[in-house]
Structures are given as structure tokens and as C-alpha cells.
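Taking it in order: structure first as C-alpha cells, then the write-up.
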């Protein structure tokens, strides 16, 4: 019998944030139920960041640190970025489907997978396996970076170009 381990580490400074804890639990549960033939090790990042191998389940959202912008994986299969104050849509994948989760892959490709495993949407930006992260910035731009989170050497490889 093969066994696999999923490990998710909760940063201490987010332990009292109910919204972050709920997302953290959903991601950890998703990792355990979808991991196969490989150990999955992920470290939780702030609520506005999704690091490589991180998942955002259908119905989940990411808020900018200032909470002025939100990015959602909608149950109908679209990825949508909103101005939280006006509720104005700033960007959409304009897709439909039965989403399972948005995955920040460790090759830099941001992919929305359907429950049947097919791809609903992808950023189509791939590179070598390594460190990548998705972040919703306080200027309203959703960006995939190559590099380590909080590194000054991280390079943007894809964006919604919605920064203000």
C-alpha cells in the first residue's frame, strides 16, 4: 500500500483571520483529496497570494491586502476580478464549466481545472519547474511571478493588466 503526505503550514500571523483560516482549510482538504503519486508540500502565503502547487477551490476568492479588489473562481466556471468597492468587473476569463479548482502550477501555468480533470482556462505561460506565485496586488492587477514570494528578484510572467 502506497502512502502520500500532504503538508500545509499555517503562518502564525494569520491564525486569527477567520476568512484566511477557511481558505487554508479548503486548500488543505483539496490537497489531500486530489494528491496522487506524489508528496505535496505547500506553505501558506498571505491571503492575497497563491504559491506554486497552491489551489483555490471553486467558489473561493483572493482579496488584495487592502481588500479593495477581489478575484473569484465562480461556480459557473469563470475567473473574475472585481473592484470590491464598486463591484465593477475589471477582468474575466469569459469561460464556463464545472470548476474544481484554480491551480498555480510549479511550471508557472495558472490553470482552472474542471471536476472531470479537463482544463477550463489556462494562462498558457509555462517555464521550467520552480518557484512561481499568483498575487492580487493593491493596484488591482492580478499577476503571476516567477521567483520566490517576497523576493526582490521575482519576475512577472502573466498579468490581467488591470493595475490602476
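Some values worked out for this structure:
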item	result
Close pairs from the stretch 138-160: first in contact (Cβ under 8 Å) with a residue 60 or more places away in the chain and at negative phi, partner assigned to a loop (DSSP other than H, G, I, E, B) and crowded, with 16+ Cβ neighbours inside 10 Å, Cβ under 8 Å, at least 6 apart	138/64; 138/68; 142/160; 142/162; 149/45; 160/141
Hey, residue 56 at pLDDT 95 or above and under 12 Å from the mean Cα position of the chain (by Cα) or not	no
Residue satisfying condition, being in contact with a strand residue (DSSP E or B) (Cβ under 9 Å, 6 or more places away or on another chain) and more than 11 Å from residue 58 (Cβ to Cβ), within set 100, 106	106
Given (1) in a strand (DSSP E or B); (2) closer than 23 Å to residue 149 by Cα, index of the condition residue 46 fails	(1)
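The values are calculated or read from the model by the stated rules, or taken from the named source; none is laboratory data. Predicted model, so just to flag it, every value in this text is computed and none were measured. For neighbour counting, all protein chains shown are included, and Cβ atoms are generated from backbone atoms with ideal geometry for every residue, glycine included.
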